[in-house]
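Trainee: Following this message is one structure expressed as structure tokens.
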Amino acid sequence: MDKDCCNYLEVAVAAPLATTLTYSASSETAAGLTPGMRLLVPLGNRLVTGYFFGVTEKPEEDYKIRSIRDSLDTEPLFPEEMIPLYRWVAEYYQYPIGEVIKGALPGGLTAGSGRRIRLTEEGVLHIPVAGEFQDRPQPSWVEDLLGKGTLSPAATRNLWRKGDRKILEKWESRGWVTISQKVMGPSTREKKEICITLAEGHPGPESTEKLKKSEAKTLEIVVRLSDGRQRSVPRREITREYSGAAKALKSLAQHGLVSFAEETVYRDPFGERPPYFPEPERLTEEQQAALDRIIPAVRKETYTPFLLHGITGSGKTEVYLRAAAETRAQGRTVLVLVPEIALATQLEAHFCSRFGDTVALLHSGLSVGERFDQWLRVMRGEAKIVIGARSAVFAPLGNPGLIVVDEEHDGAYKQEDGLRYQGRDLAVLRASLQGATVILGSATPSVTSYFHAVHGKYRLVNLTKRIMERPLPKVEVVDLKKIQTVSGRPPLFSSELVRSLKENLNNQEQSLVFLNRRGFSNLFLCRLCGQTVQCRHCNITLTLHKGRRELVCHYCGFTAKEKTVCANCRSSELVGVGFGTERIENELQGLFPTARIARLDRDTTTNRRDYLKILKAVHNLEIDILVGTQMITKGHHFPHVTLVGIVWADAGLGIPDFRSGERTFQLLSQVTGRAGRGEKTGRVIVQTHQPEHYSITTAKTHDFEALYEKEIGLRQSLKFPPFSRLINLRMTGEREEDVREFAIRLASVARGRAKKEGAVSILGPAAAPLSRLRGKYRWQCLLMGKSVESLHAFCRALLQDHSVSGKTDRVKLIVDVDPENML
């Protein structure tokens, strides 16, 4: 390429590389590129997707610069303002920058190249008699190759990973097969449909009086669906209403009354439209006081972080809505994050009621195509408000003025695989980078966020009263240790809970029963030898799901039939022990046979439609008792629920995690907050084996400040966050001895470096509490430091140490910055 006509481009490639790369392109090609576009670029001997950051200077190092192969877009997929965020994420979480962007974008947008294998005439003759697989069964792909004459890039990728590459390369050298590179485009694209548009000017009576009956009926449908305007309507919507419309539309086009055109259409992410919520006539004094502090910050258009600590039922959602309306009035956009898809359905109804079609959804509950369409609507400026789960923090909003993080304390904001980022923290960072106001809202703030508010990093805003001065529910604690039973084991339901449920049914009031554990029995035990049935791939006992007649691993998804035998003694006398939400539902149906009982957990809500159906039934008073896991605890407004029963309050206190007390309090407080949100006072019955534990006693009295003081004192003495920062180095591998040896070596190197530098403490190594998952053994080593910069510099230097980096062929090393799940 002529150097005078060459531009150098900074490109982040979708590959495990820590830095961006430099490619070249002609001046003409570069002039047509905009930061945020995807490129097809060479990397080694293959083609991969690259993300264009901008034109750069020629590198000082003297090496060959390769040219881009193609541009994959006509418009950018993310705004240029997002690039600083991507760079920060890659550096802080120590993750390849191209992989950061790939994960941020909707799925199916990565192009690249793959290998296609073709059988030659020589191969037809020689491969069947070559005897390559005398020491093992012939792989199925050989039969496919001989039968079809070719292997697709997808099939080739699988066998390449399985180690059959050398055989294919040998066959290629002998002329038995050819191996060629095939460019594979992205699998997700805009959806195109034939659309119908009314002719200019509404067709008058003189234009329609001579039409056939079918044509007149079809035209009437087109006019109605297009609201009588020149708004295009997909043809399928017309033919869905009237099967005879397909032929009639052609006739109408010949009469000049309608026209056909292929247009881009957006796939509907809602399904059933969310219900309408009117704007309240007036605010409470506390809501108004909160907005009097937040709205001036929105108008300033500078970074301002708020922690909105509002008790359950205090009206935090209305504060979000009013702040969003002011932001839109300033011409800026709004991002609203929720920890789970379930909460998105709650907030989207409120926001759609106020802001209509300017609202877009971004979460994993959408299909790949729906998410891609919503992303394009945001990128093109057609949607001004985004509601989504954790990954929506990367939404391509231009000029965001307000970012809301609802239920900011929730652990679901932390990604636990791939790029292990904290969505709440990135929301705060994005607000700081783009001069936006950020509101972290919760009835039970995280200890770390409240610590920041107490020390001035965030501005604290309190909502201490419920709407219409409704009282918080009265909480009664039942000590399960004191209940005498024939078996000696505590009952599932105390007499107090059974009596209260019966009273509620007699009064035609609704009840929630909460247990944060799915399934029927959490253990399947051999009567003869006492051995539990475990997952083949994890050191985890299988859970019995009686409705499915299956034993299920809740970590890897492995299933086995209920009728199985003990792996230890081969006995078939196995019995379910323990309980989950399925058993709770079953037992309640036995106690109250005429009650309408439903269950809300992952097993009953495999898709958004099932979830909305159950919620709608609760609101329509078609359910008397709702049993559920933590899915029923957050954000739901059930005005007719007056009783909440918590079956086992201290279930999470035995987890080996320094946050277990905080999380138990949050869970109990959130589910407690579902009671008494309507006209009638609520009541909560908490069953526990540890009634004296501080997380139980503070939840009983709704005393967050007392919980905070207890937690912050414990953490200060142990030097845990927020008084330090953590990085968890997790090692996984198929052979336990390899993982253990690597972990011991890594910790030894880390301690040697820590002695010299002194700013970092090393905890471990040790086997993870869940020591084997999905066929991989797991060990971990924790790095702790007070200074973020020193801790991250130490970690980078450690990972670059040859005695560590050169020994990872059989062990995978995962870096988890600011870990929240220590299991």
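The values are calculated or read from the model by the stated rules, or taken from the named source; none is laboratory data. Worth saying up front: this structure is predicted, and the values here are computed from it rather than measured. Cβ coordinates were reconstructed from backbone atoms using ideal geometry, including for glycine residues, and neighbour counts include every protein chain displayed. Heads up: the accessible areas ignore ligands, DNA and RNA and are worked out on the full protein's heavy atoms, side chains in. Shrake-Rupley method; radii C 1.70, N 1.55, O 1.52, S 1.80 Å.
Trainee: Cα convex hull of region 1-103: mean projected area in nm², to one decimal? Write out the running numbers ahead of the final one.
Mentor: Values: hull surface 26.3 nm².
For region 1-103, the mean projected area of the Cα convex hull comes to 6.6 nm².
Trainee: Continuing with this model, one more query. Out of every Cα pair in region 567-687, what percent are spaced more than 24 Å from each other? List each step's numbers first, then the result.
Mentor: On the way: 2589 of 7260 pairs.
Here the tail beyond 24 Å accounts for 36 percent of pairs.
Trainee: Also, I was wondering about something else. Kindly list the residues of region 321-364 that lie in the label zone of ARG273, defined by a backbone N under 18 Å from the point 7 Å along the Cα-to-C-beta vector.
Mentor: 345-361
Trainee: Something else about it: How much length is gained if the chain between ALA31 and ARG796 is pulled fully straight, taking 0.36 nm per residue apart and subtracting their Cα-Cα distance, in nm to one decimal?
Mentor: Values: separation 765, 0.36 × 765 = 275.40 nm, distance 3.74 nm.
Net length gain for the segment: 271.7 nm.
Trainee: Per-residue counts of other Cβ atoms within 10 Å, averaged by peptide: what ranking do you get for 53-63, 377-387, highest first? Each step should come with its number before you reach the end.
Mentor: Working: 53-63: 10.7, 377-387: 20.9.
Sorting 53-63, 377-387 by mean packing, highest first, produces 377-387, 53-63.
Trainee: Which of the peptides 242-251, 366-375 is most tightly packed, and how do the rest follow, going by the mean number of other Cβ atoms within 10 Å of each residue?
Mentor: Working: 242-251: 16.4, 366-375: 21.5.
Packing order, densest peptide first, comes out as 366-375, 242-251.
Trainee: Skip the ligands, DNA and RNA, and give the accessible area per residue of the chain with a 1.4 Å probe, whole Å². Numbers along the way, then the final one.
Mentor: Values: 38930 Å² over 823 residues.
The answer is 47 Å² per residue.
Trainee: Region 117-160: which GluC sites (Glu not before Pro) are DSSP loop and have at most 16 other beta-carbon atoms within 10 angstrom? Write out the running numbers ahead of the final one.
Mentor: Values: sites: GLU121, GLU122, GLU132, GLU143; in loops: GLU132.
In loop regions of region 117-160 (DSSP not H, G, I, E or B), the sparsely surrounded GluC sites (Glu not before Pro) are GLU132.
Trainee: I'd like the FRET efficiency for ARG549 and ASP357, computed as 1/(1 + (r/R0)^6) with the beta carbon distance as r and R0 of 51 Å, rounded to 0.05.
Mentor: Plugging the Cβ-Cβ distance into 1/(1 + (r/R0)^6) gives 0.65.
Trainee: Hey, what's the per residue convex hull volume over the C-alpha atoms of region 285-419, in cubic angstrom? Before the final figure, lay out the partial values.
Mentor: Details: hull volume 15.7 nm³, N = 135.
Spelled out: Cα convex hull of region 285-419, divided by residues, is 116 Å³.
Trainee: Hey, another quick one. Sequence-distant or interchain residues sharing an amide H contact under 5 Å with LYS191, placed H: which?
Mentor: Answer set, sorted by chain and number: VAL265.
Trainee: Between ASN586 and SER717, take the C-beta separation as r, use R0 = 51 Å, and let me know the FRET efficiency to the nearest 0.05. Display every interim value, and only then the final one.
Mentor: Numbers: r = 45 Å, r/R0 = 0.88.
Plugging the Cβ-Cβ distance into 1/(1 + (r/R0)^6) gives 0.70.
Trainee: Another question, if that's okay. Subtracting the Cα-Cα distance from 0.36 nm times the residue separation, let me have the gained length for GLN138 to ARG380 in nm, one decimal.
Mentor: Details: separation 242, 0.36 × 242 = 87.12 nm, distance 5.23 nm.
Result: 81.9 nm gained on full extension.
Trainee: Next question. Please give the FRET efficiency for GLU705 paired with GLU263, using the beta carbon to beta carbon distance and R0 = 56 Å, rounded to the nearest 0.05.
Mentor: That gives a FRET efficiency of 0.45.
Trainee: Taking Cα pairs under 8 Å and at least six residues apart, what relative contact order does the chain come out at, in percent?
Mentor: Working: 1574 pairs, mean separation 73.7, N = 823.
Across the chain, relative contact order equals 9 percent.
Trainee: Rounded to the nearest 10 Å², what accessible area does MET37 have for a 1.4 Å probe in the complete protein model?
Mentor: Counting only protein heavy atoms, MET37 exposes about 10 Å² to solvent.
Trainee: On average, how much area does the Cα convex hull of region 678-765 cover when viewed from any direction, in nm²?
Mentor: Values: hull surface 42.4 nm².
That works out to 10.6 nm², a quarter of the Cα hull's surface.
Trainee: If you take every residue apart from LEU249 with its C-beta less than 14 Å away from the C-beta of LEU249, what net charge results, scoring Lys and Arg +1 and Asp and Glu -1? All intermediate terms of the calculation are to be shown ahead of the outcome.
Mentor: On the way: positive: LYS212, LYS217, ARG235, ARG236, ARG240, LYS247, LYS250; negative: GLU193, GLU215, GLU220, GLU237, GLU241.
Charge balance near LEU249 sits at +2.
Trainee: Additional query: If you place +1 on the Cβ of every Lys and Arg and -1 on the Cβ of every Asp and Glu, how big does the dipole about the Cα centre of the chain come out, in debye to the nearest 20? Don't jump to the answer; show the numbers that get you there.
Mentor: Details: 115 positive and 97 negative charges, 340 e Å.
Dipole of the chain, to the nearest 20 debye: 1640 debye.
Trainee: How big is Rg to Rh over region 244-294, alpha-carbon atoms, Rh as the Kirkwood inverse-mean-distance radius? If you can, show how the numbers build up before the last one.
Mentor: On the way: Rg = 24.1 Å, Rh = 16.8 Å.
Rounded to two decimals, Rg/Rh equals 1.43.
Trainee: At 1.4 Å probe size, put TYR421, TYR8 in order of accessible surface, largest to smallest. All intermediate terms of the calculation are to be shown ahead of the outcome.
Mentor: Numbers: TYR421 15, TYR8 40 Å².
Greatest to least solvent exposure: TYR8, TYR421.
Trainee: Under 13 Å from a point 7 Å along the Cα-to-Cβ line of GLU692: which residues of region 646-668 have their amide N that close?
Mentor: none
Trainee: Less than 19 Å apart at the alpha-carbon level, and either on another chain or at least 8 residues along: which lysines does that give for LYS812?
Mentor: Within the straight-line cut-off, LYS812 pairs with LYS162, LYS776.
Trainee: Considering the values [x] 45.7; [y] 41.4; [z] 53.2, which represents mean projected area of the Cα convex hull in nm² as calculated for the structure under consideration?
Mentor: [x]
Trainee: Moving on. On average, how much area does the Cα convex hull of region 195-344 cover when viewed from any direction, in nm²?
Mentor: Values: hull surface 55.0 nm².
Orientation-averaged projected area of the Cα hull: 13.7 nm².
Trainee: As a test of understanding, state the convex hull volume per residue of region 302-357 from its alpha carbons, in Å³.
Mentor: On the way: hull volume 5.9 nm³, N = 56.
With only Cα atoms used, region 302-357 gives 106 Å³ per residue.
Trainee: What percentages, rounded to whole numbers, describe P(r) for region 449-557 computed over all alpha carbon pairs with 10 Å bin width beginning at zero?
Mentor: 10, 20, 25, 23, 18, 4, 0
Trainee: Here is a follow-up. Calculate the spin-label point distance for LEU125 paired with ALA289, positioning each point 7 Å from the Cα along the beta-carbon direction, and give it in nanometres.
Mentor: Taking the simple label geometry, ALA289 and LEU125 are separated by 9.3 nm.
Trainee: Also: How much length would be gained if the chain were fully extended between GLU237 and LYS148, taking 0.36 nm per residue of separation minus their Cα-Cα distance, in nm to one decimal?
Mentor: Values: separation 89, 0.36 × 89 = 32.04 nm, distance 4.08 nm.
Taking 0.36 nm per residue and subtracting the Cα distance, the gain is 28.0 nm.
Trainee: Also, I was wondering about something else. At 4 °C and a viscosity of 1.567 mPa s, what translational diffusion coefficient does Stokes-Einstein give for region 535-627, taking Rh as the Kirkwood radius over Cα pairs? Give it in µm²/s as a whole number.
Mentor: 85
Trainee: Further, regarding this structure: Which shape class applies to region 389-459: rounded if a/c is under 1.5, otherwise prolate when a/b exceeds b/c and oblate if not, where a ≥ b ≥ c are the square roots of the Cα gyration tensor eigenvalues? Present the calculation step by step, with values, prior to reporting the outcome.
Mentor: Details: a/c = 1.86, a/b = 1.11, b/c = 1.68.
Verdict is oblate for region 389-459.
Trainee: Quick one: order GLU262, GLU705 from most to least accessible surface, probe 1.4 Å. All intermediate terms of the calculation are to be shown ahead of the outcome.
Mentor: Values: GLU262 130, GLU705 85 Å².
Highest to lowest solvent-accessible surface, that is GLU262, GLU705.
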